[in-house]
Amino acid sequence: GCILDGKLYPFGEILRTHNCFRCSCNRDAMRCCSLFHTPTGYDKENCKVVFNMKTCNYDVVQKSDPSKECVVYSRV
């Protein structure tokens, strides 16, 4: 298998690692890509970005009331 951040994964395709990556593990290497996209276009003065491990994505919420989401215009 392959080891990523101290955790052993089996050979083959890994749909989601414990830290939100999709990986391919073989005898030569482990290749991974993120399952999340970083928000770039949003109201930075009134909103903040928090990572949601359950959904493997960034949530953009109001600084004054984190229970309310903000509009995100773009992600990278």
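The values are calculated or read from the model by the stated rules, or taken from the named source; none is laboratory data. What you see is a predicted model; the values in this text were computed from it and never measured. No Cβ is skipped: glycine too gets one built from the backbone with ideal geometry, and neighbour counts run over all protein chains shown. To get the accessible areas, we keep the full protein, side chains included, count just its heavy atoms, and leave off ligands, DNA and RNA. Shrake-Rupley method; radii C 1.70, N 1.55, O 1.52, S 1.80 Å.
Selection of segment 5-17 for residues being open to solvent by less than 80 Å² (accessible area, probe 1.4 Å) and not in a strand (DSSP E or B) yields G6, T17. Checked against the criterion of being small (G, A, S) and open to solvent by 100 Å² or more (accessible area, probe 1.4 Å), the candidates S24, S34, S64 yield just one match: S64. For segment 18-49, the set of residues classified as more than 30 Å from C2 (Cβ to Cβ) and either in contact with a helix residue (DSSP H, G or I) (Cβ under 9 Å, 6 or more places away or on another chain) or part of a loop (DSSP other than H, G, I, E, B) (or both) consists of Y42, D43, K44, E45, N46, listed by residue number.
A count restricted to segment 50-76 and to residues that are touching a Pro at 6+ places or on another chain (Cβ under 9 Å), in a strand (DSSP E or B) and over 30 Å from L8 (Cα atoms) stands at 3.
When V50, V76 are checked against the criterion of being at pLDDT 95 or above and open to solvent by 50 Å² or more (accessible area, probe 1.4 Å), V50 stands alone in meeting it.
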